[in-house]
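Trainee: Just passing along the structure, written as structure tokens.
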Amino acid sequence: MDYLSKAEEMVLLAIWRLKDKAYGVSIRRQILKDTEKDYTYGTLYGLLRQLAHKDYVEMIKGEPTPKKGGRSKNFFRITPEGIQALKDALKLHRRIWKDTTEFTFDKI
């Protein structure tokens with residue numbers, strides 16, 4: 001089984017939370033809001049390419065913005081394979097963190 005990296009997991013969760021509003025800027029903002037981690041766009045788009053290569057996300061070309069010369073946004077949608085990867089990540093977290101709470105570490 002191929003597990004997600006922590007960074008891939010954060011990006012997939014951001015896309016899942018954003019639903020049909022997931023594009024570069026909104027994904028970056030969601031990750032910052034959720035984790036206080038501020039990815040550069042280069043890092044973010046590298047992760048998105050990785051996730052697309054694994055078939056966990058797909059890119060959808062949006063319509064150009066209404067202003068003159070407006071660019072199209074590339075939206076990202078999580079695939080069924082991406083959902084399964086998130087489910088597997090959650091199962092893994094639960095398995096490796098079982099029998100622990102934040103108070104467990106106070107006893108060390």
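The values are calculated or read from the model by the stated rules, or taken from the named source; none is laboratory data. If you're wondering where the values come from, they're calculated on a predicted model, not measured in any experiment. Here the Cβ positions follow ideal geometry from the backbone for every residue, glycine too, while neighbour counts run over all protein chains shown.
Trainee: In the list Lys67, Lys37, Lys61, which residue meets the criterion of being surrounded by 12 or more Cβ atoms within 10 Å (Cβ to Cβ) and not in a helix (DSSP H, G or I)?
Mentor: None of the other options fit; the residue is Lys37.
Trainee: Name every residue in segment 1-24 that is touching a Lys or Arg at 6+ places or on another chain (Cβ under 9 Å) and loosely packed, with under 12 Cβ neighbours inside 10 Å, in order of residue number.
Mentor: If the condition is that a residue be touching a Lys or Arg at 6+ places or on another chain (Cβ under 9 Å) and loosely packed, with under 12 Cβ neighbours inside 10 Å, then Asp2, Lys19, Asp20 are the ones that fit.
Trainee: Now for a separate question. Going by the structure shown, is Ile96 hydrophobic (A, V, I, L, M, F, W, C) and at pLDDT 95 or above?
Mentor: Numbers: hydrophobic (A, V, I, L, M, F, W, C): yes; at pLDDT 95 or above: no.
The answer is no for Ile96.
Trainee: I need the full set of residues from segment 78-104 which are assigned to a helix (DSSP H, G or I), acidic (Asp, Glu) and surrounded by fewer than 12 Cβ atoms within 10 Å (Cβ to Cβ), in order please.
Mentor: Of everything in segment 78-104, just one residue is assigned to a helix (DSSP H, G or I), acidic (Asp, Glu) and surrounded by fewer than 12 Cβ atoms within 10 Å (Cβ to Cβ), namely Glu102.
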